[in-house]
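The values are calculated or read from the model by the stated rules, or taken from the named source; none is laboratory data. Treat the numbers as computed from the prediction; the structure is a model and nothing was measured. Using ideal geometry, Cβ is built from the backbone for each residue, glycine included, and neighbour counts are taken over all protein chains shown.
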Amino acid sequence: MTSVRYSLHRWLLAPRTTWRARRLRAALPHLGGDQAWHLARLHGHPDEVPYARAHLRRHNPGAGD
């Protein structure tokens, strides 16, 4: 299993989300670090789903809905 290192700003701004993402990544090693972080963030803050969708569209323009 490869270790995922999260940046300092993620630890400072959202420590609980980052901690959950590390645990999620350890449990599901097929997830990428960013994927685990976004899933952990949406678990704790479901109101941010529209922002996550917009972010995913910007980073994966070839994927359809």
Residues that are exposed (fewer than 13 other Cβ atoms within 10 Å of the Cβ) and in contact (Cβ under 8 Å) with a residue 24 or more places away in the chain, drawn from region 6-25
Arg16
Failed criterion for His30 (all others in (1) touching a residue at least 24 places away in the same chain (Cβ under 8 Å); (2) in a loop (DSSP other than H, G, I, E, B); (3) not β-branched (Val, Ile, Thr) hold):
(1)
Could we say that Trp11 is hydrophobic (A, V, I, L, M, F, W, C), part of a helix (DSSP H, G or I) and either in contact with a strand residue (DSSP E or B) (Cβ under 7 Å, 6 or more places away or on another chain) or at pLDDT 85 or above (or both) here?
no
